[in-house]
Amino acid sequence: MTGVFDANDLEQNIPEFSVSELSVAIKRHIEGEFTHVRVRGEIGRVSKPASGHLYLDIKDEKSVLAGIVWKGVTQSLKVFPEEGLEVIATGRITTFPGQSRYQIIIEQITLAGLGSLMMLLEKRKKQLASEGLFLEERKKKLPLIPRSIGIITSSSGAVLKDILHRLKDRFPSHVLLWPVTVQGDKCAFEVASAIKGFNEINEKYSVKKPEILIVARGGGSIEDLWGFNEEIVVRAADQSSIPIISAIGHETDVTLLDFVADRRAPTPSAAAEMAVPVRVELKSVLNSLDGRRIRQMSIFLERQITKIAELERLMPKIETLVSERNQYLDMIEAKLVNAIINFMNQKKLQYAKSGIESLHPRILRKDLDRKKDEINSLSERLDFSIKVILSNCRIKLLELERLRESLSYRKTLERGYAIVRDDNNHILDNFRDASVAESILVEFRDGDLNVQVKGKR
């Protein structure tokens, strides 16, 4: 097919996008540039719909950035977002084409400074106090002599050694250790779980439920002790049926756990002193009582010896009473020796048979069948996993293929555009090159057109 082509028509070949195509292109560009960012600002609006996701705003004096925390990430947050807090949010920037806006997908939130921590601490303290969690009448009385003590602390720190050393010098008690992380993201959850776990011990368990709990750790900054200020720990301590002694940090360190605990100790060693009375004092009392008991027993034994001596004079000679029994005992002794020998021979035969039976082909075959079943189970799981992976790859490949087709030049031709080539099949993209050519080939969606150029310079 031949025709006449006007070079001025090339100016009409401007790329055209659909709204969805443009949104996808912008989303791809932004997510490629801002894959990992840290944003500092004040938390504004916070909402939590039924889906479990968190929607919030991070703002400063000039701008507002929309943020999202997915449901699966909320449980791992160091700080739960509250309106008015100054925080540092870590995540990635993306777009939401449905509303033509950009937003941050938050992966972690930390407080911006000490002032924010203190503000949050004071706010949380007032909230919990208004619920009555710190009232004196809610606190439980400590037992005088606990037979079992539960300790919640790190298993590798010096705190545990100090407590055990102090308990060693006092009344003996059975100690149960629930090791936890006393600093960082996992601290609050593990301490709360330990308190609940000790309270859930019952007759089904091999250990006895402790009568006192000691929650302890060494000193540190407010950031280091923050896990003991979390609401989950405070509420777990309030709901505990076991009395709790709080021994967090030094005497000057104060956490919310100290307010809700039944007793607060200035140090972990002092907590051990509160839990168990002094062993020396109890031992002194016991020694006094034991002396009185020995004296009374001596008097009683002297009286009984006197009575026995009087009865002994009335009894016949011992030799007369036991002579017949000695003869009977000799007979029993002879039978016993033979019985022991026979018993040992029977046991040796039983052990020999049991050792041979353990190598019986039937038993070995049974073990082999069990191992085959395990291998078959693992093989089925492997096949299933491979199928799932291949299915996911196939889906991704189809998506890429659809994207390739949507971005191909054929799709552009279908929207009314054309491709211009010279005699050497080179694409011409400007008026100058097209005007100097003898002829050009114009490719449309449904065919090619060979055009002779007029007005060649």
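No value in this document is a laboratory result; all are computed from the given coordinates. These numbers come from a predicted model, not from an experiment. For neighbour counting, all protein chains shown are included, and Cβ atoms are generated from backbone atoms with ideal geometry for every residue, glycine included.
Calculated from DSSP H runs of 4 or more alone, at -39500 (n - 2.57) each and per residue, what is the 222 nm mean residue ellipticity of the chain, nearest 500? Mind dumping the intermediate values first?
Numbers: 13 runs with 215 residues, N = 457.
Helices in the chain give a 222 nm mean residue ellipticity of -15500 deg cm²/dmol.
Please return the longest range in the chain lying between exposed loop sites, taking chymotrypsin sites (Phe, Trp or Tyr not before Pro), DSSP loop only, at most 12 other beta-carbon atoms within 10 Å, and leaving the sites out.
The answer is 206-457.
So what is log10(I(q)/I(0)) for the range 24-85 at q = 0.15, 0.24, 0.27, 0.30 1/Å, when the Debye sum runs over its Cα atoms only?
The calculated log intensity ratios at q = 0.15, 0.24, 0.27, 0.30 Å⁻¹ are -0.56, -1.12, -1.18, -1.23.
If exposed GluC sites (Glu not before Pro) are those in a DSSP loop with at most 16 other Cβ within 10 Å, what is the longest stretch of the chain that has none?
The longest such stretch corresponds to 252-437.
Ratio of the chain's C-alpha Rg to 2.2 N^0.38 Å, to two decimals?
1.90
Please name whichever of THR252, SER288, ALA270 sits farthest to the positive end of the charge dipole of the range 252-305, dipole taken about the Cα centre and charges placed at Cβ: Lys and Arg +1, Asp and Glu -1.
SER288
How far is helix 114-130 tilted, in degrees, relative to the longest principal axis of the Cα atoms in the chain, given as a value from 0 to 90 rounded to the nearest 10?
Helix 114-130 and the main axis of the chain meet at about 60 degrees.
What's the whole-number percent of alpha carbon pairs in the range 132-277 lying beyond 24 angstrom?
22
Starting from the exponent 0.38 and prefactor 2.2 Å, build the expected Rg for the range 392-440 from its residue count and divide its actual Cα Rg by it.
1.71
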